[in-house]
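Written out below as structure tokens is the structure these notes cover.
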Amino acid sequence: MKALSFISHSKQSLFSSSQITANPTNLSKTDESILKFNQNPIQFNPTFPQKNPNFPSLSVNSSQNPDPQNPAPPLVVVGSANADIYVEIDRLPKEGETISAKSGQTLAGGKGANQAVCGGKLSYPTYFFGQVGKDANGKLISEALESGGVCLDHLRSVSEAPTGHAVVMLQSDGQNSIIIVGGANMCGWPLVIGDKDLEIVRNAGIVLLQREIPDSVNIQVAKAARSAGVPVILDAGGMDAPLPGELLEFVDILSPNESELSRLTGMPTETFQQVGEAVTKCYEMGVKQVLVKLGDKGSALFIEGEEAVKQPIISAPKVLDTTGAGDTFTAAFAVALIEGQSKQECLRFAAAAASLCVQVKGAIPSMPDRDSVLNLLRSP
């Protein structure tokens, strides 16, 4: 297993070689790349209480199971959980106009919950640290997370606010517009995050953050991760406000899409050259690695002082719903990164997961499992 060599503050001592159980004879370069995703991850003995669910094997053939006494360093997602109210429409209403939706339903979502379920469905040990209200929507989200294989030891139910929710306006071409009501995602957090919750952060393989919870929470979590040498990936999606310098100081990889990158830097991002110039502004803000999601133009990983690594999209036969595709991409990238894959392999794995995501309606329901991703990577 290769070390996370392009993460400057990673736990290098955690990432050592592991054996691939298959006998890779006469494999093509592509087959060798895919085989790397079939091996069990490195083993790590955390100090947090052992209330882990029985996570499935990371091996596609399930010939080996992780040692419960030495589980892999988990993916820890700290972020939002929403009840997504989906309405399917032919077009967005004009100002002052009322239109009818073709259908509507409520599904579990939120950037944090989406990313956590993605990690769980990719058969990687995943913890979610977030808040829901003591209401029916909170139960809906808890059940969806648990069904996705996510450990909920650090999910809090609060009485100060209802569960966050979002109105997702889904158009016939699969594109969406979303309005978020923060609810428990933004209210009821303790002023100081307790050591019990921060302990799982310190023992993570990677910590994933987003901007649908207070910056003060993200800052405390990122500081705790940095103190333990744990890499932090910040998804820039969420609140429309400048990124605090105090947060960026502890972020290893910033992951915006094109519009978020433009908003954060005040620069255009219509061409790849413009994206690169905007990323340079991010370097000046203190982040040295930027993972940009470019929609139908693919993705690119920028590292200061190095040439950008590009990844085209893996085309989907039909795009039904782009909701959650960015969250799927970011979480799948993180899973591949923990497992020690190269930059290009991480991007490719993430692109395959996102391609499968857009073919299913809903955010959490669309998260692919590991077998589906590997099968897509194997396909011609």
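Once phi is turned into θ = phi - 60°, what whole-Hz ³J(HN,Hα) does the Karplus curve with 6.51, -1.76 and 1.60 give for every residue of segment 293-298, x standing for Gly and Pro?
8, 10, x, 6, 9, x
What's the tally of Lys pairs in segment 158-307 whose alpha-carbon atoms lie under 27 angstrom apart, where the two lysines are 8 or more places apart or on different chains?
7
Determine, for each peptide in 173-183, 228-238, 132-142, the mean count of other beta carbons within 10 angstrom over its residues, then list the peptides with the highest first.
Highest mean packing first, the order is 228-238, 132-142, 173-183.
Considering only the other residues whose Cβ falls under 12 Å of the Cβ of A101, what net charge follows from Lys and Arg at +1 and Asp and Glu at -1?
Numbers: positive: R91, K102; negative: E88, D90.
Around A101, the surrounding residues sum to 0.
Enumerate the residues in segment 114-134 having an amide nitrogen under 20 Å from the point lying 7 Å beyond the Cα of C187 toward its Cβ.
130-134
Mind checking the full-extension length gain between T280 and D371? Use 0.36 nm per residue of separation minus the Cα-Cα distance, one decimal, nm.
29.0 nm
Quote the charge dipole size of segment 223-336 about the Cα centre in Debye, to the nearest 20; the model charges only the Cβ of Lys and Arg (+1) and of Asp and Glu (-1).
180 debye
Please compute the length gained on full extension between V319 and K134, using 0.36 nm multiplied by the number of residues separating them and subtracting their Cα-Cα distance.
Using 0.36 nm per residue and subtracting the Cα-Cα distance, I get 63.1 nm.
Report the gain in length on full extension from E143 to I178: 0.36 nm times residue separation, minus Cα-Cα distance, nm rounded to one decimal.
Full extension of this stretch gives 10.3 nm more.
Please name which of G245, A225, V279 has its Cα lying farthest along the dipole of segment 215-296 towards the positive end, using unit charges on Cβ (Lys, Arg +1; Asp, Glu -1) and the Cα centre as origin.
A225
What is the calculated FRET efficiency for A228 to L92, with r their C-beta to C-beta distance and R₀ = 41 Å, to the nearest 0.05?
0.35
First measure r as the distance between the Cβ atoms of E246 and E304, then evaluate 1/(1 + (r/R0)^6) with R0 = 30 Å and state the FRET efficiency to the nearest 0.05. Kindly include the intermediate steps, with their values, before the conclusion.
Working: r = 20 Å, r/R0 = 0.67.
Rounded to the nearest 0.05, the efficiency is 0.90.
Over what distance in Å are the Cα centres of segment 100-128 and segment 211-231 separated?
About 22 Å separates the Cα centre of segment 100-128 from the one of segment 211-231.
Which residues' amide hydrogens lie under 5 Å from the amide hydrogen of D235, considering only partners 5 or more residues apart or on another chain, with H built in the peptide plane?
L209, Q210, S255
Rule-based calculations on the coordinates, nothing more; no lab input. Please read these numbers as outputs of a predicted model, since none were measured by experiment. Because the Cβ atoms are built from the backbone with ideal geometry, glycine has one as well, and the counts that use them run over all protein chains shown.
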